[in-house]
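The values are calculated or read from the model by the stated rules, or taken from the named source; none is laboratory data. On a predicted model such as this, the values are computed, not experimentally measured, just so you know. Here the Cβ is made from the backbone with ideal geometry for all residues, glycine too, and neighbour counts use every protein chain on show.
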């Protein structure tokens, strides 16, 4: 089964990327893999404190995932999988694409900020030659109606 890989982070544009991935998966008979990357700099503390912070980060990720997963299951009849990795986001995304041959499309949300599309879109655009799958960049300001129309 072809999967749409979408990145779960704290950005506002993440929402439209999630919606797009779920709608495309539902209409094409595919699946959704949701990747969340915990940056290593969050744990540069005493060992015990770092472990507590790592667990808290995982709990936050699971809570956010469940919100998106419930919507995907209820509205799109898609049951997403959650993948959590630790490291720098761009290399971890590249590694996940290489490790999972079922990933067919990487879906990223683009910021509507005047400073640019966001650091992740910028980094992945630079690394697009290293990807073996197409990248879909979803504008963060698309309405639900427009997303439904284009998926």
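The condition of being out of contact with any helix residue (DSSP H, G or I) (no Cβ under 9 Å at 6 or more places or on another chain) and under 15 Å from residue 6 (Cα atoms) holds for only one of 92, 59, 55, that being 92. Considering segment 113-149, and only residues there that are touching a strand residue (DSSP E or B) at 6+ places or on another chain (Cβ under 7 Å) and assigned to a loop (DSSP other than H, G, I, E, B), the residue that is farthest from residue 89 (Cα to Cα) turns out to be 140.
Of all residues in segment 63-86, those that are on the phi > 0 side of the Ramachandran plot have Cβ atoms under 8 Å from Cβ atoms of residues that are surrounded by 13 or more Cβ atoms within 10 Å (Cβ to Cβ) and assigned to a helix (DSSP H, G or I), 6 or more apart or on another chain, in 77/26.
Among the residues of segment 45-91, write down those that are part of a strand (DSSP E or B) and at pLDDT 95 or above.
Of all residues in segment 45-91, those part of a strand (DSSP E or B) come to 81-86.
Of everything in segment 45-91, those that are part of a strand (DSSP E or B) and at pLDDT 95 or above turn out to be 81, 82, 83, 84, 85.
Any residue in segment 26-42 that is part of a loop (DSSP other than H, G, I, E, B), at pLDDT below 95 and surrounded by fewer than 22 Cβ atoms within 10 Å (Cβ to Cβ)? Within segment 26-42 (the criterion being part of a loop (DSSP other than H, G, I, E, B), at pLDDT below 95 and surrounded by fewer than 22 Cβ atoms within 10 Å (Cβ to Cβ)), the answer is yes, since at least one residue qualifies. From the set of residues in segment 92-111 that are part of a helix (DSSP H, G or I) and in contact with a strand residue (DSSP E or B) (Cβ under 8 Å, 6 or more places away or on another chain), which is surrounded by the most Cβ atoms within 10 Å (Cβ to Cβ)? By that ranking, first place goes to 93.
Out of the residues in segment 112-127 meeting the condition of being over 16 Å from the mean Cα position of the chain (by Cα) and surrounded by 13 or more Cβ atoms within 10 Å (Cβ to Cβ), tell me which one is modelled with the lowest pLDDT. Step by step, filter segment 112-127, then rank; the result is 127. Would you call residue 23 in contact with a strand residue (DSSP E or B) (Cβ under 7 Å, 6 or more places away or on another chain), buried (at least 16 other Cβ atoms within 10 Å of the Cβ) and modelled with pLDDT of 95 or more? The answer is no for residue 23.
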